[in-house]
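For reference, the structure is listed below as structure tokens.
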Amino acid sequence: MATVKILLVEDDEGLARAVREVLVAQHYLVDSASDGQSALDLADAFEYDLILLDLLLPKLDGIAFCQQRRDRRDRTPILLMTARDDSELKVRGLDAGADDYLVKPFDLEELLARVRALLRRGNDSLPPAIEWGELRLNPRSCEVTYEGKILKLTAKEYGLVELFLRNPHRIFSQSALLDHLWSFEEPPSENAVRTQIKGLRQKLKAAGTADAIETVYGLGYRLNPQSEGASKRPASSPALDTDRLNEIWERHREGYVKRATIIERAIAAWQQGSLDTQLQQQARQEAHTLAGSLGSFGLEVASRAARQLESIFTRESPLEVKQGDRAVELIAALKRDIGEHSGEVKGMATVPPTPERRAWSVEGARLLIVDDDLALAETLAAGAIAEGMEVELSDSPAKARQAIARSLPDVVLLDLSFPDSTEAGFEFLQELAQTQPALPVIVFTAKESFAARVKVARLGGRGFLHKPIAPFEVLEAIARVLQQSHPSVAKILAVDDDPHLLDLLRSLLEPWGFQPILLEDPRQFWATLERENPDLLLLDIQMPELSGIELCQVARNDPQWQDLPILMLSAHRNSEVVQQVFIAGADDYIQKPIVEPELVARILNRLERSRKLVGRGGDGER
């Protein structure tokens with residue numbers, strides 16, 4: 001999860017400075033603008049998690065700014081700030097698209113509370129705390145601790161820790177760290193990253209964790225797999241730790257007990273001959289939910305009992321004495337199993353396949369979970385976040401529709417039953433098939449029938465998972481669907497007059513899932529570029545007829561290719577050539593001879609940045 005970025009738009013320099021300092025102290029990344037037009041330009045160029053906006057601004061006022069952002073389908077939360085306590089003005093601001101309103105002078109603690117509330121909207125829960133050995137980061141309190149002791153970190157050091165802990169296997173280049181942690185307004189010096197890494201290392205060492213951050217020569221920085229933190233973790237630890245599971249279970253256990261109580265009340269009413277249709281349907285729905293959820297938490301006895309109760313309440317005929325006795329036994333067994341598992345949760349810590357063995361990595365993918373069972377949804381979310389995914393929870397199709405409008409996910413995990421909603425999961429699945437046909441949807445439900453499987457397949461579902469199921473199995477299914485949806489990572493057009501180097505590039509790129517397009521004759525560059533529509537260019541600088549710098553300039557001169565990532569290859573090392581490369585519009589420069597880890601790391605970094613830019617632009621087509 002990236003550091004939260006906030007755009008502060010305020011023409012009062014003193015107030016802007018005070019607000020900025022308070023936000024930075026909370027580890028937010030802040031860009032500032034003193035007029036509406038500058039703010040609009042920043043909002044067009046960068047993606048923000050929240051905009052703090054003064055109402056009366058030079059060049060473009062706050063209401064006009066809101067209207068223009070909403071007209072461009074930007075759903076970034078906006079908090080209006082003004083000295084005018086005017087109800088008509090508030091209404092105009094909210095109608096223009098603002099999400100909240102704060103009257104000056106305001107208490108800075110109230111401002112922070114409103115900021116936290118707006119950031120939580122659209123995300124049902126804050127991301128869970130993450131641990132690496134004895135090192136722990138808690139996003140709720142913005143604290144980092146080692147062996148329970150709080151580390152006093154700067155905002156940048158906190159950002160580094162969060163980035164490393166959320167991506168424990170990734171190598172971050174200096175440029176990648178700059179992109180993640182430095183705002184537009186604070187252009188870093190050449191040694192900024194090294195300075196921050198050095199300071200963080202010193203604080204970690206003083207706390208007792210030595211060599212936590214490793215320098216990978218020529219590539220960047222990562223968490224050291226041989227360090228103290230890694231050595232305390234089991235070699236084959238599950239994606240979701242047991243402590244997190246237990247915390248989720250304890251928080252929602254009473255909710256499951258209440259569901260069981262509704263079933264118990266329905267059984268009593270049925271035995272007395274006073275069961276109405278509404279209570280019977282409610283009991284059947286609660287039994288259905290418990291059958292899937294409790295099994296996923298390892299409560300197999302309770303899950304089987306719930307499934308049998310669901311079958312009993314499906315019948316139309318009156319409850320016979322024998323059936324009533326059996327229902328009483330089943331609900332007692334169900335409640336007993338829930339009570340006995342008030343402590344450690346079992347059955348879910350099965351070791352999943354390691355991410356390295358997967359054909360497709362889920363890291364960075366956006367997952368939308370649509371399920372009214374929040375305990376199970378949170379469990380799945382925690383496992384997905386541990387794998388590097390971005391997760392949003394919705395407990396109804398209506399909320400899921402809003403989430404998709406804000407930001408299109410990469411995959412949807414959909415339950416089929418929503419007792420508190422007028423819509424069924426099948427209806428929502430059909431809607432997605434019509435409005436978002438390219439969006440893969442995996443059905444995750446306790447409904448088990450061949451008819452349901454056929455209906456899901458006909459409506460375009462990409463997977464059918466039957467509850468109960470372990471979270472890591474769900475993640476494996478998501479990984480498989482993502483792999484099918486993205487059969488190749490990227491198309492890379494490499495232009496070099498050396499056929500041996502092209503063969504080398506093929507051997508280096510294909511194992512990573514890239515699709516290399518190799519071109520020996522630079523005169524065929526334009527025709528190949530238009531035909532293949534690559535995701536990235538690798539251009540040799542020195543070639544006969546046409547140089548790589550000239551090809552780069554040709555691409556940059558056409559609006560269609562202005563944002564295409566371009567990496568230059570050259571044996572030249574002098575500063576004049578490097579300067580020409582970047583003046584021509586190249587994104588990066590790689591010296592020959594090529595080193596595989598460096599080449600792949602630089603390609604992945606550029607593709608990641610390109611995907612983010614495309615995602616902000618709308619439909620993602622060039």
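The values are calculated or read from the model by the stated rules, or taken from the named source; none is laboratory data. Keep in mind that this is a model prediction, so the values were computed, not measured. When we count neighbours, we look across all protein chains shown, and the Cβ atoms used for this are built from the backbone with ideal geometry, even at glycine. Areas reflect the complete protein model, heavy atoms only, side chains present, ligands, DNA and RNA absent. Shrake-Rupley method; radii C 1.70, N 1.55, O 1.52, S 1.80 Å.
Remarks
- Positions within segment 601-622 being at pLDDT below 80 and crowded, with 16+ Cβ neighbours inside 10 Å, in sequence order: A601, R602, L604, N605, R606, L607, R609, S610
- Residues within segment 426-455 that are modelled with pLDDT of 85 or more and hydroxyl-bearing (S, T, Y), tallied: 1
- Filter result for L80 (part of a loop (DSSP other than H, G, I, E, B), out of contact with any Lys or Arg (no Cβ under 6 Å at 6 or more places or on another chain), open to solvent by less than 40 Å² (accessible area, probe 1.4 Å) and at pLDDT 85 or above): no
- Segment 520-542, residues that are open to solvent by 20 Å² or more (accessible area, probe 1.4 Å) and free of Cβ contacts under 8 Å to residues at least 60 places away in the same chain: E520, D521, R523, Q524, W526, A527, E530, R531, E532, Q542
- Here E143 fits the description: touching a Lys or Arg at 6+ places or on another chain (Cβ under 9 Å), open to solvent by 20 Å² or more (accessible area, probe 1.4 Å), at pLDDT 80 or above and not polar (S, T, N, Q).
- Residues located in segment 505-538, provided they are part of a loop (DSSP other than H, G, I, E, B) and closer than 21 Å to N605 by Cα: G513, F514, N533, P534, D535
- Residue match in segment 486-504 (condition: buried (at least 21 other Cβ atoms within 10 Å of the Cβ) and part of a helix (DSSP H, G or I)): no
- Residue count, segment 356-376 (criterion: modelled with pLDDT of 85 or more, open to solvent by less than 20 Å² (accessible area, probe 1.4 Å) and touching a Ser or Thr at 6+ places or on another chain (Cβ under 9 Å)): 4
- Selection of segment 27-42 for residues being part of a helix (DSSP H, G or I) and in contact with a helix residue (DSSP H, G or I) (Cβ under 8 Å, 6 or more places away or on another chain) yields G36, A39, L40.
- Single match in E186, E190 (criterion: outside any helix (DSSP H, G or I), farther than 23 Å from A45 by Cβ and either open to solvent by less than 50 Å² (accessible area, probe 1.4 Å) or at pLDDT below 70 (or both)): E190
- For the residues Q323, Q308, Q226, the requirement of being open to solvent by 20 Å² or more (accessible area, probe 1.4 Å), modelled with pLDDT of 85 or more and out of contact with any Ser or Thr (no Cβ under 8 Å at 6 or more places or on another chain) singles out Q308.
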